[in-house]
1. Return the only residue of Glu184, Glu178 being open to solvent by 50 Å² or more (accessible area, probe 1.4 Å), free of Cβ contacts under 8 Å to residues at least 60 places away in the same chain and either more than 19 Å from Arg135 (Cβ to Cβ) or within 25 Å of the chain's Cα centre (by Cα) (or both).
2. Could you please find all residues in the stretch 97-112 being at pLDDT 80 or above, part of a helix (DSSP H, G or I) and within 19 Å of Val29 (Cβ to Cβ)?
3. Please name all residue pairs, on different chains or six or more residues apart, with Cβ atoms under 6 Å, provided the first residue is in the stretch 67-80 and is more than 12 Å from Ala101 (Cα to Cα) and the second residue is of a type in the set (S, T, N, Q) and loosely packed, with under 13 Cβ neighbours inside 10 Å.
4. For the stretch 147-157, does any single residue satisfy the condition of being closer than 30 Å to Phe10 by Cβ and either touching a Pro at 6+ places or on another chain (Cβ under 6 Å) or surrounded by 12 or more Cβ atoms within 10 Å (Cβ to Cβ) (or both)?
5. Please name all residue pairs, on different chains or six or more residues apart, with Cβ atoms under 8 Å, provided the first residue is in the stretch 8-35 and is touching a residue at least 12 places away in the same chain (Cβ under 8 Å) and the second residue is assigned to a helix (DSSP H, G or I) and basic (Lys, Arg).
6. Any residue that is in contact with a strand residue (DSSP E or B) (Cβ under 7 Å, 6 or more places away or on another chain), surrounded by 13 or more Cβ atoms within 10 Å (Cβ to Cβ) and over 20 Å from Ser115 (Cβ atoms) - is there at least one of those in the stretch 73-86?
7. Assuming Lys170 fulfils every condition listed in (1) open to solvent by 90 Å² or more (accessible area, probe 1.4 Å); (2) under 26 Å from Tyr136 (Cβ atoms); (3) in a helix (DSSP H, G or I) apart from one, which condition is it?
8. From the list Glu141, Glu126, Glu113, which residue is open to solvent by 80 Å² or more (accessible area, probe 1.4 Å) and closer than 30 Å to Asp59 by Cα?
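The values are calculated or read from the model by the stated rules, or taken from the named source; none is laboratory data. Everything numeric here is computed off the predicted structure, so don't read it as measured data. Cβ atoms come from the backbone with ideal geometry, glycine included; neighbour counts cover every protein chain shown. For the accessible areas, the whole protein counts, side chains as well, though only heavy atoms, and no ligand, DNA or RNA atoms are used. Shrake-Rupley method; radii C 1.70, N 1.55, O 1.52, S 1.80 Å.
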Amino acid sequence: MKPRILIAGFEAKLWQSHLSDFLSATIDVEIDIASTPNECIWQVKKKNYKLILLDIYFDTKNPIGFELLQRCKNLSPTTKITIFSNRDDYQTMLQCKNLGADYLSKTRNSMYEISELITSCFIDLEKSEREKQFRYKTGIENAKRVGAIFKSDAMKNVFALTSYALENPKTHVLIRGEEGVGKELVARACAEKHLPFKALNCAGISDSLLQSELFGHDKGSYTGAISRHEGLIAAARGGSLFLDEFGDLSHTCSSRLT
């Protein structure tokens, strides 16, 4: 199935004709048009667009395109939206940036430059999609590796994110969730299986015991220390240390660790 572009604006039909000629030489896409705000929303609800070129004014004095931008983002969060206008003042461009959209000028950019920018955008989108699929596949493999069982798309997305930690082993990871949702499984999925993984439940642990567990102690260093104990930080060297229920630590303990 060909990727789709939506051109939304008063001159949408004219720009569809121009861009079709220029883009046909580089990328194979379907270009739809919407000449009114209502038609734009209807099209976004009905079809899946990779890119929306959105005019600001739609032949009116009010910048209705900014309102449409937010509505389109709500309807299709993964679609890239670019404001496409001849309103080239700094304030307009800044507002586009603040709303999470790029800006293309109808007057300052030539048709060749516009088609080049759209082609570049599609190349970036395809690369991002490949990376997303790779991380998704890696995340599912990570979930199977640690024995996680789930059905929801939300958990699939959570485990897809574990690939970031595997790609960047020195990353600090914060895992949030209620008791019993599988935080330790997610932590294990973030860890390389060939490297040490150590876990410590911080719930109800005292300051002195925390220090001993993390940093270890020598024989005879305190009453009851009958042998040398290697701390978890040393034991997890080169691997991962998971601090479960970190939020239950006392202020003194947590401040020492952070």
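1. Glu178
2. none
3. none
4. No, the stretch 147-157 contains no residue that is closer than 30 Å to Phe10 by Cβ and either touching a Pro at 6+ places or on another chain (Cβ under 6 Å) or surrounded by 12 or more Cβ atoms within 10 Å (Cβ to Cβ) (or both).
5. So the pair list comes out as Ile33/Lys13; Ser35/Lys13.
6. yes
7. The number of the failed condition is (3).
8. Answer to the selection: Glu113.
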